[in-house]
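The values are calculated or read from the model by the stated rules, or taken from the named source; none is laboratory data. Because the structure is a prediction, the values reported are computed rather than measured. Don't worry about glycine lacking a Cβ; one is built from the backbone with ideal geometry, like all the others, and counts go over all protein chains shown.
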Ligand code: 13P
């Protein structure tokens, strides 16, 4: 059955510090009022995962990481495995973010291998897809995104719960967003591509929207057909903004 509760995810990217634990305290205090209608996950940089997980312990706030290595262990200097992240308290992981696909040469096949690793370690994957502005302008957005979905989902997702995130590259950190109609259309494309790849199980997945979600546009985006939540970057760094998005759902 499709999870009807929306998911609000905060991707801190390479931002924050130990001082950001104060933001978790503020989220926690708000959650304590018992009014959240959504699931909330924060994704701090890896060195903060354990401290954020401790700070969030016993609250509805869950913690995730922004990437993992596909292998469980080995001579991979500077990398972090899904198992280590789980050990540190992460229960989620973002995979295939465009900042890794574009900047670090991550391929959809590589993303699929990392999804396997996440499942092996007990992490829920959020798999990101999205077109560049050049691809959108060339009329290729749907083809590109459908191909990313098809190639990023391993067979082992067939009996798992998972989440996809549509993040148009041109909307990330730019203040620009697609129209609600464009978002709704692309979420349909993503659902069909996932169903073509995995079969009926894909009906259970949540599809998040990400890219310049902020307190002013969150209610409209979250009310858009086919949008099961948001993957928030910049506006997740301050509890006040993130809470406004949480309460907009
Ligand atoms: P912004 O919300 O800062 O545009 O970032 C979106 C994003 O990349 C989340 O993963």
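So here's what we get for this one:
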{"read-out": "Qualifying residue in region 81-97 (condition: under 23 Å from residue 244 (Cβ atoms) and in contact (Cβ under 8 Å) with a residue 24 or more places away in the chain)", "value": "yes"}
{"read-out": "Residue satisfying condition, being touching a residue at least 24 places away in the same chain (Cβ under 8 Å), surrounded by fewer than 17 Cβ atoms within 10 Å (Cβ to Cβ) and within 16 Å of the ligand (Cβ to nearest atom), within set 199, 229, 233, 173", "value": "173"}
{"read-out": "The one condition in (1) away from the ligand (no atom under 16 Å from the Cβ); (2) within 25 Å of residue 204 (Cα to Cα); (3) surrounded by 16 or more Cβ atoms within 10 Å (Cβ to Cβ) that residue 89 fails to fulfil", "value": "(2)"}
{"read-out": "Checklist (1) touching a strand residue (DSSP E or B) at 6+ places or on another chain (Cβ under 7 Å); (2) away from the ligand (no atom under 14 Å from the Cβ) applied to residue 209, failing item", "value": "(2)"}
{"read-out": "Residue 164 being more than 10 Å from the ligand (Cβ to nearest atom) and assigned to a strand (DSSP E or B)", "value": "yes"}
{"read-out": "Residue in region 111-129 that is more than 21 Å from residue 86 (Cβ to Cβ) and surrounded by 14 or more Cβ atoms within 10 Å (Cβ to Cβ) present", "value": "yes"}
{"read-out": "When residues of region 59-69 are limited to those that are assigned to a loop (DSSP other than H, G, I, E, B) and crowded, with 19+ Cβ neighbours inside 10 Å, the one farthest from the chain's Cα centre (by Cα)", "value": "68"}
{"read-out": "Only listed residue being within 16 Å of the ligand (Cβ to nearest atom) and either at pLDDT 95 or above or outside any loop (DSSP other than H, G, I, E, B) (or both), chosen from 146, 193, 184, 244", "value": "244"}
{"read-out": "Residues within region 105-143 that are out of contact with any helix residue (DSSP H, G or I) (no Cβ under 8 Å at 6 or more places or on another chain) and either at pLDDT 95 or above or closer than 21 Å to residue 232 by Cβ (or both), tallied", "value": "9"}
{"read-out": "Any hit, region 50-58, residues being in a loop (DSSP other than H, G, I, E, B) and surrounded by fewer than 16 Cβ atoms within 10 Å (Cβ to Cβ)", "value": "yes"}
{"read-out": "Count of residues meeting criterion [in a helix (DSSP H, G or I) and within 16 Å of the ligand (Cβ to nearest atom)] in region 93-113", "value": "5"}
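For every residue, the table says whether it meets (1) part of a helix (DSSP H, G or I); (2) more than 16 Å from the ligand (Cβ to nearest atom); (3) buried (at least 19 other Cβ atoms within 10 Å of the Cβ); (4) modelled with pLDDT of 95 or more.
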{"site": "3", "(1), (2), (3), (4)": "no, yes, no, no"}
{"site": "10", "(1), (2), (3), (4)": "no, no, yes, yes"}
{"site": "15", "(1), (2), (3), (4)": "no, no, no, yes"}
{"site": "19", "(1), (2), (3), (4)": "yes, yes, no, yes"}
{"site": "22", "(1), (2), (3), (4)": "yes, yes, no, yes"}
{"site": "25", "(1), (2), (3), (4)": "yes, yes, no, yes"}
{"site": "37", "(1), (2), (3), (4)": "no, yes, no, yes"}
{"site": "41", "(1), (2), (3), (4)": "no, no, yes, yes"}
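For (1) more than 14 Å from residue 236 (Cα to Cα); (2) in contact with a strand residue (DSSP E or B) (Cβ under 7 Å, 6 or more places away or on another chain); (3) touching a residue at least 40 places away in the same chain (Cβ under 8 Å), each residue gets a yes or a no:
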{"residue": "9", "(1), (2), (3)": "no, yes, yes"}
{"residue": "18", "(1), (2), (3)": "yes, no, no"}
{"residue": "21", "(1), (2), (3)": "no, no, no"}
{"residue": "30", "(1), (2), (3)": "yes, no, yes"}
{"residue": "34", "(1), (2), (3)": "yes, no, no"}
{"residue": "40", "(1), (2), (3)": "no, yes, yes"}
{"residue": "43", "(1), (2), (3)": "no, yes, yes"}
